[in-house]
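To keep things clear, I will list the structure first and then write my remarks on it.
The values are calculated or read from the model by the stated rules, or taken from the named source; none is laboratory data. The model shown is predicted, which means the values in this text are computed figures rather than measured ones. FYI the Cβ positions are ideal-geometry reconstructions off the backbone, even for glycines, and counts take in every protein chain you see.
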Amino acid sequence: MTRKLEELFNLPPTDQTEEQPQSVEQAQHTLAELDDAIDKIDAALPSVRGLDASDAEMDDLAAKATETFETLIDLGMNVDSRYAAEILSVASSMLGHAVTAKTAKLNKKLRMVDLQLKKLKLDRDANDGEPPETAHGQVLSRNDLLERLVGNRDQKPKTA
């Protein structure tokens, strides 16, 4: 913290010395440690199992809730009106559970896609030292360029 900030906010002075900027070797060592940590995380990711099982479970729950909803609607329409309100309320809650199960499944997939995109961005940013090659070029003199342009014009068939 600087003295001006300390004076501005009426803070007690700190006895800490200013941090020195990292040397190139320290920065490379830190990057190497981070790279090793990322590699460990990458190695651990494939070992995560059961992601597809939870999708199937959510689909089963949604299917059961929808089936129960339809059964309760049929029952609610065939009973006395004083009992129908409670049955239809429960049917509505079952439909809500089905929607919640489908939404949870979708949110999980979106989080996975988001994590994959973030990882790709980090990988791309890590390779910023060497930008990807996007085009090939040639150095030409003005005369060479004019000869190529005139040559292309001469090769075009003339239409009249």
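Points to keep in mind about this one:
- Yes/no for Leu88 being modelled with pLDDT of 85 or more and surrounded by 12 or more Cβ atoms within 10 Å (Cβ to Cβ): yes
- Candidates Met94, Met112, filtered to the one that is within 29 Å of Asp39 (Cβ to Cβ), surrounded by 11 or more Cβ atoms within 10 Å (Cβ to Cβ) and among the aliphatic types (A, V, I, L, M): Met112
- Within the stretch 62-93, tally of residues that are out of contact with any Lys or Arg (no Cβ under 9 Å at 6 or more places or on another chain) and closer than 27 Å to Asn107 by Cβ: 14
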